[in-house]
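A.B. asks: If you scroll down you'll find the structure; I have some questions about it.
The values are calculated or read from the model by the stated rules, or taken from the named source; none is laboratory data. This is a predicted model, so every value here is computed, not measured. Note that we place each Cβ from the backbone using ideal geometry, even for glycine, and neighbour counts take in every protein chain shown. Accessible surface is based on the protein model in full, side chains and every heavy atom, while ligands, DNA and RNA are left aside. Shrake-Rupley method; radii C 1.70, N 1.55, O 1.52, S 1.80 Å.
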Amino acid sequence: MASTYPQPSHGARVDVVVIDDEDSIREGCRQTLESEGYRALVAADGAEGLDLVKRARPRVVLLDLRMPGISGVEVLEKLPGIDPRIIPIIITGYGTIDSAVQAMKLGAFDFLTKPLDIDQLLGVVDRGLRKYEALVSETAVAKPPPMEAPKPSEPDILLKGLETLGQYYSLGLQDHTLAGELRALEAEAQYHSKVLGQIREKEKAIADLLADLRLVDEIVERHGFRKSALIQILLDIQSQKNWLPRHTLLWVWRRLNIPLALIYQVAQFYEAFSLEPQGRHIVQVCMGTACHVQKAPEFLATISAVLGIKPGQTDSKLLFTLKTAHCFGCCALAPVMRIDETYHRNQSLKQLKAIFSSCASEQASHKESEQVRP
Amino acid sequence: MTKLSTLAALAELRQQLAAARSAIRQSVAICSSTGCTLNKSNACSQAIASELAEKGLEGEVELRRTGCYGFCERGPVVFIQPQNICYLGVQAKDAAEVVEKTLRKGQVVERLLFKDESGRRYKTLGEIPFYKGQKRVLLQSSALIDPKRIDDYIAIGGYSALTKALFELGPEKVVDWIKRADLRGRGGGGFPAGVKWETTRNAPGDVKYVIVNGDEGDPGAYMDRSLLERNPHSILEGLIIGGYAIGAHQGFVYVRQEYPLAVEYMRLALEQAREYGLVGTDILGSGFDFDVAIHRGAGAFVSGESSALMSAIEGRVGQPRPKYIRTSVSGIWEKPSNLNNVETWANVPLIINNGVDWFRSMGTEGSKGTKVFSLVGKVRNTGLVEVPMGITLREMIFDIGGGVLNGRKFKAVQTGGPSGGFLPESHLDLKVDFDELTQAGSMMGSGGMVVMDEDNCMVDAARFYVNFLAHESCGQCVPCREGLRQMLHILDNIVSGRGQEGNIELLEELCEFIEVASLCALGTSAANPVMSAMKHFRDEFEAHIRFKQCPALSCPDLLHYRIEPDRCPGCQLCRKECPTEAVLGKAKAVHVIDQSKCIKCGNCLRVCPEKFLAVIKVPGAAVGQAASAA
């Protein structure tokens, strides 16, 4: 969407480094890129440029081929050593198309001719950034996740282990030395299985964490890395996760470069956000005026007694969280409660219990189907 | 959908749509708004659809899912045209009868019609007392519009106000019209919209913004939700016209996330308008560019305040700031920003289409046009009503609303939500407009109207608003944060029987202080509910403080439930309905309530049959009763 409001920068990561000895080109590029919301840094010669690239790790490098000192071609050759994914784009004067062709052969992504055309510049940089993102996700995909590494299945290992253990036992029964060895081995095996269990747990935790961070990335990207979308981003995380785990907030901080304290301020200010895990089903009882005069407090007391939790609490099975809400705008039907996305009027105790138990059984069958899946 | 790049293309499309419509013999409109969805309107609509398919009527009868009719309590509302038949409370099991009798044979299904207490049935929408006294301008033609289809709106003349503004009037005239129409902001304050528009238009700078405030945080009111779910395009059209008149190229629609359906419909409306080129660059070839972004609120009452809402759009915490410079001059990102309420925007296309004089012909001297109210609480017909400004409270509550529920005695009506006040019976002949209500110590607000009967305790009602405001205070300024907290503390004491002499005077002092010293309107108007309750119902406050009694028998700490042994037949109803198993007793034996287990949910009283009336409320706490946690 072409917006008329300013596009804040794409987070902490530097997008573009411009290496050119001509002041006008260098500064012109920087200003154009920054006005579009990119983070750009500049260097006046090859040596300074390489140093800057090492420190800033940009996604795209705009590079003049003809410079005093280290030439552009040399810089171009050294870039993959710093980060193979960096996208080099060559700036070349009129009549030096040959050198541009040479540069393309050396792995440049594209080239721009002087004098620079702003639209062309932005177009090429944008494509370069996309290419970089594509490379990043490729490399991310290429690395096999730890859970899926090829290995014998756990039952296989167990069977083999038991088999070996059985053989040891038959040996050890007649031999005191061996029996001692065996006990030591057994202890060691137990220790290893414990450690293995811990590793598995950690692997799972890391995989979960990674999934959460990917989710945040996806949401942040959908909102165009805009700082002004913070509340919308948090709303999306909340709706996906049902609460805002700390690591997701930390990741939003890394991605948007908004101070963590500010993120927490927003997360604590609004009713919609929860900084604690919530039950799978959110039960909200409307406390609006219309509901209040139609005995919403009594209705809440009933629900609270049925669920066995007070407003604001979550039950021990993480099944239900009971909350109060300001107003659903269903005032004509007061008193009203909402379970997840469905609204309910006040009903007999039996019906209320039936509603909650159907939610609970939904949860149970959900769990079963999860377990059935390999 | 192809982009409409000229005025003629839109006119041609409208003609095509209207022609396609006239070919349809009959139409069934079923409300799909939140209220009716709760009453299972989805199942009802599916049943009618499959019934139509079975009977082979699909081609002749058009089935439409529409927005709110306002009579949410009796939903699902089904409206059949051209006979104008209005059925209420239609469930899936009624589908076959409706299709067979009404749609095939043209007969009326009597039992689904509205019935008043004398047993009389009313066939058409206009005849029902609830609708008879209304003047439906914003809420008209609900039956013709599916909020998910832009074509429905275009077919009945939608976006013609936009073309009139773009090609006939020009920006200066639009501002002038809104000014002359004397359209006052429907969000609460009643500030003249035209003046606000002019300020933003004349404010220096090229970048300006226009904003729809759909952060309807006022508990007990749902006009904006209903308007958004009924016809989001009319609001969008108003916004585009406003943007054009003011010179803005970016609009925002701020909707509470508590209204998921409204957010979804608005999003869909925006997508469709963009596809038709009614939003975007060079709208209909006029050269005017305008885009809109939707921003969901995250649940904070104070975020509906204009400066707070704007900082929320910037991505910061939605807290108000001191408005030394108005937001219409320095708002979002310090650019001139014009913010109006949903209902105000929805009025704009109507004024442009029908003219200034038409709008001025409705209402009172100081308040023109109509106003949508949510008439709720202890009233027989609850729902959304649209009336001309200047109608009396009595007409609203007793003619349209049908009087107080269950024949109980009227006690008070609360208008204006947490910023408004309570009006007792002596004020029933008050004309409802911005100035009269303010003069009476209440407020128009966004249009919430909660009726209370003799069973409602006014101290508790005042405490309700203070509790709400104390939780919603952003805490930036001391008078509001600490003042409300202290008021809540005192009121908590009074409702639980711990009130002391002097409390009323202390409350009055606090009210005055908050009113004068707070930063934003949340604080400065926070005293209204308490002040008006104390003014009109001082005796109730005194009864709580001096005699530790709640005259309305409503405050749980000052009453207990008891079963009268000589009236209890032992029917077990209340025992089954008690969530804490506090009711003891076998079938056909007298039941008793174990007071130590009772949580005072009142379920036993609610289910005790009228012929027994064995469960009663008794003033004072029961012996051996654990004090409920305050």
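A.B. asks: For residue B:21 and residue B:326 in the same chain, what is the full-extension length gain: residue separation times 0.36 nm, less their Cα-Cα distance, in nm?
C.D. replies: On the way: separation 305, 0.36 × 305 = 109.80 nm, distance 4.71 nm.
Computed gain between residue B:21 and residue B:326 is 105.1 nm.
A.B. asks: Nearest 5 percent is fine: what portion of the DSSP beta bridges confined to segment A:231-346 is antiparallel? It would help to have the intermediate numbers written out before the result.
C.D. replies: Working: 8 of 14 bridges.
Counting only bridges with both partners in segment A:231-346, antiparallel ones make up about 55 percent.
A.B. asks: Let me ask something additional. What is the extension gain from residue A:347 to residue A:120, computed as 0.36 nm multiplied by their sequence separation minus the C-alpha to C-alpha distance, in nm to one decimal? Before the final figure, lay out the partial values.
C.D. replies: Working: separation 227, 0.36 × 227 = 81.72 nm, distance 6.57 nm.
Here the answer is 75.2 nm.
A.B. asks: Toward the positive end of the charge dipole of segment B:408-494, about the Cα centre and with charges on Cβ (Lys, Arg +1; Asp, Glu -1), which of B:486, B:419, B:442 goes farthest?
C.D. replies: Of the candidates, B:486 comes out farthest on the positive side.
A.B. asks: A further question follows. Report the percentage of all Cα-Cα pairs in chain A whose separation exceeds 34 Å, rounded to a whole percent. Spell out each step's value before the answer.
C.D. replies: Values: 38861 of 69751 pairs.
More than 34 Å apart: 56 percent of the Cα pairs in chain A.
A.B. asks: Give the long-range amide H neighbours of residue A:320: residues separated by 5 or more places, or on another chain, with amide H under 5 Å away, using H modelled in the peptide plane at 1.01 Å from N.
C.D. replies: A:280, A:281, A:315
A.B. asks: A further question follows. In deg cm²/dmol and to the nearest 500, what is the mean residue ellipticity at 222 nm of the protein assembly as shown if only DSSP H runs of at least 4 residues count, each as -39500 (n - 2.57), divided by the residue total?
C.D. replies: Values: 36 runs with 432 residues, N = 1004.
After summing the helix terms and dividing by residue count, I get -13500 deg cm²/dmol.
A.B. asks: On to the next question. Out of all DSSP beta bridges in chain B, what portion is antiparallel? Express it as a percent rounded to 5.
C.D. replies: Details: 37 of 65 bridges.
Counting DSSP beta bridges with both partners in chain B, the antiparallel share is about 55 percent.
A.B. asks: Oh, and also: Mind scanning A:350/B:586; A:310/B:409; B:93/B:600; A:114/B:335; A:310/B:617; A:202/A:241 and naming the pairs with a C-alpha gap bigger than 27 Å?
C.D. replies: Numbers: A:350/B:586 19 Å; A:310/B:409 34 Å; B:93/B:600 37 Å; A:114/B:335 37 Å; A:310/B:617 25 Å; A:202/A:241 20 Å.
Result: A:310/B:409; B:93/B:600; A:114/B:335 exceed 27 Å.
A.B. asks: 5 Å is the cut-off here: which amide hydrogens, built 1.01 Å from N in the peptide plane, fall below it relative to residue B:449, excluding neighbours closer than 5 in sequence?
C.D. replies: Here B:374, B:376 satisfy the definition.
A.B. asks: With only Lys, Arg, Asp and Glu charged, each at its Cβ (+1 for the first two, -1 for the last two), find how big the charge dipole of segment B:351-507 is about the Cα centre; round to the nearest 20 debye. If you can, show how the numbers build up before the last one.
C.D. replies: On the way: 14 positive and 19 negative charges, 59 e Å.
Charge dipole of segment B:351-507: 280 debye, to the nearest 20.
A.B. asks: Something else: With a 1.4 Å probe and all protein chains kept in place, how do B:345, A:253, B:177 rank by accessible area, largest first? Kindly include the intermediate steps, with their values, before the conclusion.
C.D. replies: Details: B:345 0, A:253 85, B:177 40 Å².
Highest to lowest solvent-accessible surface, that is A:253, B:177, B:345.
A.B. asks: Just name one of B:398, B:59, B:338: the one whose Cα is farthest towards the positive end of the charge dipole of the protein assembly as shown (beta-carbon charges, Lys/Arg +1, Asp/Glu -1).
C.D. replies: In the protein assembly as shown, that residue is B:398.
A.B. asks: Normalise the Debye intensity by I(0) for segment A:167-301, one equal point scatterer per Cα, no solvent, then take log10 at q = 0.09, 0.12, 0.16, 0.20 Å⁻¹ and round to two decimals.
C.D. replies: Here the Debye-derived log intensity ratios amount to -0.52, -0.67, -0.90, -1.11.
A.B. asks: Pop out a list of residues from segment A:246-274 that are at least 30 Å² less accessible with all the protein chains around than in their chain alone; 1.4 Å probe, no ligands or nucleic acids counted.
C.D. replies: A:265, A:269, A:270, A:271, A:272
A.B. asks: Same structure, new question: Once the Cβ-Cβ distance between residue B:275 and residue A:241 is put in as r, and R0 is 41 Å, what FRET efficiency do you end up with, to the nearest 0.05? Don't skip to the end; give the middle numbers.
C.D. replies: On the way: r = 33 Å, r/R0 = 0.80.
Approximately 0.80, to the nearest 0.05.
A.B. asks: Now for a different question. Translational diffusion coefficient of the protein assembly as shown at 4 °C, 1.567 mPa s, Stokes-Einstein with Kirkwood Rh over Cα pairs, in µm²/s as a whole number.
C.D. replies: Working: Rh = 32.5 Å.
The diffusion coefficient I find is 40 µm²/s.
A.B. asks: Which of the GluC sites (Glu not before Pro) found in segment A:12-100 are in a DSSP loop and have at most 10 neighbouring Cβ atoms, other than their own, within 10 Å?
C.D. replies: On the way: sites: A:22, A:27, A:34, A:36, A:48, A:74, A:77; in loops: A:22, A:36.
For GluC sites (Glu not before Pro) across segment A:12-100 that sit outside H, G, I, E and B with at most 10 neighbouring Cβ atoms in 10 Å, the list is empty.
A.B. asks: Mind listing the phi-derived Karplus ³J(HN,Hα) values for segment A:19-30, rounded to whole Hz, using 6.51, -1.76 and 1.60 with θ = phi - 60°, and x for any glycine or proline?
C.D. replies: Those phi angles translate into 10, 7, 7, 8, 3, 4, 5, 4, 5, x, 4, 4 Hz.
A.B. asks: May I pose another question? Would you mind computing, in nm to one decimal, how far apart the modelled labels at residue B:264 and residue A:164 are, each placed 7 Å from Cα along Cα→Cβ?
C.D. replies: Each label point lies 7 Å from its Cα, and together they span 5.7 nm.
A.B. asks: If you restrict to DSSP beta bridges whose two residues both lie in the protein assembly as shown, what percentage is antiparallel, to the nearest 5? All intermediate terms of the calculation are to be shown ahead of the outcome.
C.D. replies: Working: 45 of 96 bridges.
Close to 45 percent.
A.B. asks: Taking θ = phi - 60°, what integer Hz values does the Karplus form 6.51 cos²θ - 1.76 cosθ + 1.60 yield along segment B:418-434, in sequence order, with x for Gly and Pro?
C.D. replies: Coupling constants for segment B:418-434: x, 9, x, x, 9, 10, x, 4, 5, 9, 5, 8, 5, 7, 7, 8, 4 Hz.
A.B. asks: Taking only C-alpha pairs under 8 Å that are 6+ residues apart, what is the relative contact order of chain B in percent? Intermediate values should be presented prior to the final figure.
C.D. replies: Values: 1303 pairs, mean separation 70.1, N = 630.
Reported as a whole number, the value is 11 percent.
A.B. asks: Right, another one. Convert each backbone phi in segment B:97-102 into a coupling constant with the Karplus relation 6.51 cos²θ - 1.76 cosθ + 1.60 (shift: θ = phi - 60°), then list the ³J(HN,Hα) values in order as whole Hz, x for Gly and Pro.
C.D. replies: These are the phi-based 3J(HN,Hα) values: 5, 4, 5, 5, 6, 7 Hz.
A.B. asks: Show log10 I(q)/I(0) for segment B:1-83 at q = 0.14 Å⁻¹, two decimals, from a solvent-free Debye sum over equal Cα scatterers.
C.D. replies: Here log10 of I(q) over I(0) equals -0.62.
A.B. asks: At 1.4 Å probe size, what's the solvent-accessible area of residue B:69? Round to the nearest 10 Å².
C.D. replies: Counting only protein heavy atoms, residue B:69 exposes about 10 Å² to solvent.
A.B. asks: Hey, if you put +1 on the Cβ of every Lys and Arg and -1 on every Asp and Glu Cβ in the protein assembly as shown, which of B:46, B:260, B:524 ends up farthest toward the positive end of that dipole?
C.D. replies: Selected residue: B:46.
A.B. asks: Can I ask one more? Between residue A:278 and residue A:113, what FRET efficiency follows from the Cβ-Cβ distance if R0 is 51 Å, with the result rounded to 0.05?
C.D. replies: Numbers: r = 58 Å, r/R0 = 1.13.
Plugging the Cβ-Cβ distance into 1/(1 + (r/R0)^6) gives 0.30.
A.B. asks: Another question about this same structure. Put a dot 7 Å past each Cα toward the Cβ at residue A:339 and residue A:213; how far apart are the dots in nm?
C.D. replies: Inter-label distance under the simple model: 3.8 nm.
A.B. asks: Separate question: Amide H neighbours of residue A:295 under 5 Å, at least 5 residues apart or on other chains, H built in the peptide plane: list them.
C.D. replies: none
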